[in-house]
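Please read the structure below before turning to the comments.
Quick note: the coordinates plus some simple rules give every number you see, no bench work behind them. Predicted model only: the values in this text are computed from it and were never measured. Every residue, glycine among them, receives a Cβ derived from its backbone with ideal geometry; neighbour counts consider all protein chains shown.
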Amino acid sequence: MRTTRSTVVLPMPARRALTKLGHDLKDARRRRRIPSAVAAERSSISRMTLLKVEKGDPGVAMGIYATVLFVLGLSERLAELADPGQDRMGLQLDEEHLPQRIRTSRKNKKSE
């Protein structure tokens, strides 16, 4: 594999996640009995690019990963990756910054 800027600065947990994604995509394709040539054709990519996807290459565009997920019938899960409702840390941070009390403005008091 050629060393690019994306491979050099990619944090190790992100690299592992991409590698796992690639292996999972390969397994999904094989379980569906879709040959790599057919999957590549349906994704409008070369077999070499599909091989890179299945290895979790970080140099492959996210859109190509999304297309391969679509071809395998897994694209709905892509939309859930950064779903705010599933973001435990973000929800916890929001909860920590909730106001202690809520005051009504003076304008609202006069109109009542």
*Which of the aspartates and glutamates could a cross-linker bridge to K55, judged by Cα under 17 Å and excluding same-chain residues fewer than eight apart?*
D24, D27
*In straight Cα distance, which aspartates and glutamates are under 13 Å from K107, not counting same-chain residues fewer than 8 positions off?*
none
*asked:* As a test of the formula, what do you get for the chain when each DSSP H run with n ≥ 4 contributes -39,500 (n - 2.57) and the sum is divided by the residue count, at 222 nm and rounded to the nearest 500 deg cm²/dmol?
replied: -17500 deg cm²/dmol
*When Lys and Arg each count +1 and Asp and Glu each count -1, what net charge do the other residues less than 15 Å away from D94, Cβ to Cβ, add up to?*
-3
*Surface/4 estimate of mean projected area, convex hull on alpha-carbon atoms of the chain, nm²*: 12.0
